[in-house]
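Input: a single structure, listed below in structure tokens.
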Amino acid sequence: MLDLNFVRANLGLVEDMLRRRGQDPAALLGDFRRQDSARRDAITRMEKLKAQRNSLSEEVARSKRAGQDATALIEQTRALRQEGERLESSASEAEAEMRSLLARIPNLLQPEVPAGKNEQDNLEVRRWGQRREFAFAPKPHWELGEALGILDLERAAKIAGARFAVYWDLGARLERALANFMLDVHTREHGYREVLPPVLVNSASLFGTGQLPKFAEDLFRCEGGDYWLIPTAEVPVTNLYRDEMLEEKQLPLSLTAYTPCFRSEAGSYGKDVRGIIRQHQFQKVELVKFVQPERSGLEHERLTEDAESILRKLELPYRKMLLCAADTGASSTKTYDLEVWLPGQGVYREISSCSNFEAYQARRANLRYRPQGGGRPEFLHTLNGSGLAIGRTWLAILENYQQEDGSVRIPEALHPYMGGEKFIPAASRERGVAAT
């Protein structure tokens with residue numbers, strides 16, 4: 001959320017930012033200056049009336065102490081109280097409308113974010129790794145997983161529905177190995193503190209990170225209470241310190257979490273219907289940072305490099321993309337996407353999105369810190385990124401490490417996490433039943 005005083009003083013800048021994002025300023029902001037003026041006028045009139053009422057109450061008290069008839073003054077006080085209640089209601093309504101308007105305004109974009117209308121205009125920063133040349137036609141992961149007996153989409157559809165998956169045997173073990181490997185790298189090598197948060201959160205948490213109210217249709221809500229399934233561990237981890245004051249000596253604070261994630265994928269009908277690219281439930285290792293404002297640019301680069309290191313250790317070719325203005329999420333001021341190469345499909349696909357939110361989430365969640373040298377508390381800057389999306393890493397391994405005989409070689413970095421297994425063999429088996 002942007003600061004009201006900033007928007008008021010820089011309305012033209014905010015309107016230009018909306019145009020960069022491909023949005024109509026008039027449709028989103030409406031008559032901002034009129035609404036802001038009406039809000040301030042309502043608050044001013046309410047405060048003036050309160051002062052009048054307080055002064056009149058003191059006069060009533062003086063009249064009573066002097067033994068004078070205060071009936072007329074009491075009636076005036078009662079009338080002022082009623083008028084004050086009306087004005088307070090009007091001011092509260094104007095305040096709520098302004099807060100709702102501010103909550104809809106996306107974050108400012110950093111100057112280096114390129115212009116663009118869609119993902120086709122994203123800027124490639126660099127590529128890493130050599131794309132493997134195959135002596136055979138590489139298969140997509142859904143064919144490989146089914147042939148190996150480790151991926152079962154039909155049974156998943158039977159017990160849950162479309163966009164779910166069941167993993168078997170070494171497929172399930174590979175998913176678990178990836179989670180442990182990623183957490184170990186981030187905690188042991190990159191200095192993150194591991195946390196295991198709830199996967200059910202309240203509305204305040206989703207508002208704090210920017211999912212509510214705008215993206216409610218993308219979420220799963222539980223009936224009978226204020227509970228939502230998390231779309232990413234970013235939500236509970238960022239909200240760990242909601243309405244708290246951190247000390248600057250605690251910063252930068254780096255946390256990592258492994259959780260299942262749940263997304264309704266509203267609006268994605270017909271997209272990625274094959275395989276496990278776009279699922280209602282998937283697992284992810286998340287990276288979250290809380291930093292001082294002057295460090296957020298540097299820490300954004302470091303967080304992105306931490307995510308990249310997983311791809312490098314697994315020797316998976318990828319490219320780093322700087323998202324254009326129209327493709328950058330509403331809460332983010334700058335986002336890098338890491339896209340892994342999938343030879344079975346002949347495309348790069350996003351496997352991590354690393355964003356700098358500056359103070360946008362901090363204002364919504366009231367995340368502040370107290371500077372060491374004294375002075376007024378300041379809003380933190382928050383950052384997050386996938387480190388990585390496990391399902392997409394799983395399928396990237398299948399497609400990049402597939403062998404001509406139908407087996408899949410396991411990356412060397414994962415051997416200790418796979419009990420020494422170096423291959424997922426192309427054994428003949430009924431899907432979901434271990435070979436005998």
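The values are calculated or read from the model by the stated rules, or taken from the named source; none is laboratory data. Computed from a predicted model, the values in this text were never measured in an experiment. Quick reminder, even Gly has a Cβ in these numbers, built from the backbone with ideal geometry, and neighbours come from all protein chains shown. Ligands, DNA and RNA are excluded from the accessible area calculation, which covers all protein heavy atoms including side chains. Shrake-Rupley method; radii C 1.70, N 1.55, O 1.52, S 1.80 Å.
Here are some notes:
- Filtering the range 133-177 to residues that are among the basic types (Lys, Arg), closer than 24 Å to GLY387 by Cβ and open to solvent by 50 Å² or more (accessible area, probe 1.4 Å) leaves ARG173, ARG176.
- Residues that are within 23 Å of ARG263 (Cα to Cα), basic (Lys, Arg) and under 27 Å from the mean Cα position of the chain (by Cα), drawn from the range 153-190: ARG163, ARG176
- The number of residues in the range 191-222 being open to solvent by 50 Å² or more (accessible area, probe 1.4 Å) and not hydrophobic (A, V, I, L, M, F, W, C) comes to 9.
- Looking only at the range 340-353, and only at residues there that are surrounded by 21 or more Cβ atoms within 10 Å (Cβ to Cβ) and of a type outside the set (Ser, Thr, Tyr), the one that is nearest to the chain's Cα centre (by Cα): ILE351
- Scanning the range 77-120 for residues that are among the acidic types (Asp, Glu), more than 25 Å from LEU4 (Cα to Cα) and either part of a loop (DSSP other than H, G, I, E, B) or in contact with a strand residue (DSSP E or B) (Cβ under 9 Å, 6 or more places away or on another chain) (or both) yields one hit, GLU119.
- The set of residues in the range 305-338 that are assigned to a helix (DSSP H, G or I), open to solvent by less than 10 Å² (accessible area, probe 1.4 Å) and among the hydrophobic types (A, V, I, L, M, F, W, C) comprises ALA307, ILE310, LEU311, ALA325.
- Scanning the range 256-291 for residues that are surrounded by fewer than 16 Cβ atoms within 10 Å (Cβ to Cβ), at pLDDT 95 or above and in a loop (DSSP other than H, G, I, E, B) gives no hits.
- Residues (surrounded by fewer than 12 Cβ atoms within 10 Å (Cβ to Cβ) and hydrophobic (A, V, I, L, M, F, W, C)) located in the range 62-93: ALA66, ALA72
- Close pairs from the range 250-265: first at positive phi, partner of a type in the set (Asp, Glu) and open to solvent by 30 Å² or more (accessible area, probe 1.4 Å), Cβ under 8 Å, at least 6 apart: GLU265/ASP218
- The one condition in (1) within 21 Å of THR328 (Cβ to Cβ); (2) at pLDDT 95 or above; (3) open to solvent by less than 60 Å² (accessible area, probe 1.4 Å); (4) outside any loop (DSSP other than H, G, I, E, B) that GLU124 fails to fulfil: (3)
- Check on GLY373, surrounded by fewer than 18 Cβ atoms within 10 Å (Cβ to Cβ), assigned to a loop (DSSP other than H, G, I, E, B) and under 23 Å from the mean Cα position of the chain (by Cα): no
- Residue identified as of a type in the set (Lys, Arg) and touching a helix residue (DSSP H, G or I) at 6+ places or on another chain (Cβ under 9 Å) among ARG86, ARG81: ARG81
The rows are residues; the columns are (1) touching a Leu at 6+ places or on another chain (Cβ under 9 Å); (2) over 26 Å from ALA115 (Cα atoms).
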{"site": "LYS334", "(1), (2)": "yes, no"}
{"site": "GLY344", "(1), (2)": "yes, yes"}
{"site": "TYR360", "(1), (2)": "yes, no"}
{"site": "GLY373", "(1), (2)": "no, yes"}
{"site": "GLU399", "(1), (2)": "yes, yes"}
{"site": "GLU404", "(1), (2)": "no, yes"}
{"site": "VAL408", "(1), (2)": "yes, yes"}
{"site": "ALA426", "(1), (2)": "yes, yes"}
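- Long-range neighbours under 7 Å by Cβ, at least six apart or interchain, first residue without any contact (Cβ under 8 Å) to a residue 40 or more places away in the chain and of a type in the set (Asp, Glu) within the range 338-364, second open to solvent by less than 30 Å² (accessible area, probe 1.4 Å) and not in a loop (DSSP other than H, G, I, E, B): GLU339/TYR318; GLU339/MET321; GLU339/ILE351
- Test: residue in the range 382-394 that is free of Cβ contacts under 8 Å to residues at least 24 places away in the same chain, outside any helix (DSSP H, G or I) and among the β-branched types (Val, Ile, Thr): no
- Candidate set: the range 48-58, residues that are surrounded by fewer than 14 Cβ atoms within 10 Å (Cβ to Cβ) and charged (D, E, K, R); chosen: the one farthest from ARG8 (Cα to Cα): GLU58
- The range 15-47, residues that are of a type outside the set (A, V, I, L, M, F, W, C), in contact with a Lys or Arg (Cβ under 7 Å, 6 or more places away or on another chain) and open to solvent by less than 50 Å² (accessible area, probe 1.4 Å): PRO25, ASP36
- Complete set of residues in the range 422-436 that are closer than 30 Å to LYS158 by Cβ and at pLDDT 95 or above: PHE423, ILE424, PRO425
- Those residues of the range 94-115 which are open to solvent by less than 80 Å² (accessible area, probe 1.4 Å), within 22 Å of the chain's Cα centre (by Cα) and not β-branched (Val, Ile, Thr), in sequence order: SER100, LEU101, LEU102, ALA103, PRO106, ASN107, LEU108, LEU109, GLN110, PRO114
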